[in-house]
1. How much length, in nm to one decimal, is gained on full extension between ALA138 and ASP54, taken as 0.36 nm per residue of separation minus their Cα-Cα distance?
2. Given the C-alpha centroids of region 12-37 and region 49-77, what is the distance between them in whole angstrom?
3. Contour minus end-to-end for LEU109 and ASP44, with contour as 0.36 nm per residue of separation and end-to-end as the Cα-Cα distance?
4. Please compute the length gained on full extension between ASN145 and LEU34, using 0.36 nm multiplied by the number of residues separating them and subtracting their Cα-Cα distance.
5. Non-local amide H neighbours of LEU64 (under 5 Å, H modeled in plane, Pro and chain starts lacking H): which ones?
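We did not get these values from a lab; they are worked out from the coordinates using the rules stated. Every value quoted in this text rests on a predicted model; they were computed, and no experiment measured them.
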Amino acid sequence: MMESGGNILVLGIGNVLMGDEGVGVHVVRHLERLAMPSGVELLDGGTGSFQLLDPMQRARKIILIDATLDGNPAGTVRRLTPRFSSEYPRTLTAHDIGLKDLLDTFYLLERPCDITLFAVSISPLQDVGVELQPEIAARVPEIANLVMQELASSE
């Protein structure tokens, strides 16, 4: 992990055992195969926890990728800038509470940081398994490209 406070953290959130809910982790895995700009840290955040607070505090910018249950068609991607849990879209699993609490804690510490969320809409009916549905899997390279564009605009 990066030591400096000037890095950009790309954090994929999700449970890869719950199909599309793990899309954030799949995007980070895709990004790991690409050349990253200097100062970018990629992190599989799993289902989120307070252990993520440390790498988040060391970053000057955080890019989150997470699945959401927002009623949009599966595969819809929205770019959001949540500041508090009330601004974070609904997700499928227990990390919904953990990550929301983490965001609130992060801001309560008054640590200035730019947080961008790429919220990927998924269907509420999910099969248990490690594979993404075809419409979500097809979006992974596109979402990775959106993250790369975000990184380029952050330089």
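1. Result for the pair: 27.0 nm of gain on full extension.
2. 11 Å
3. Values: separation 65, 0.36 × 65 = 23.40 nm, distance 2.33 nm.
So the chain would gain 21.1 nm between LEU109 and ASP44.
4. In short, 38.9 nm is gained.
5. Here LEU11, THR116, LEU117, PHE118 satisfy the definition.
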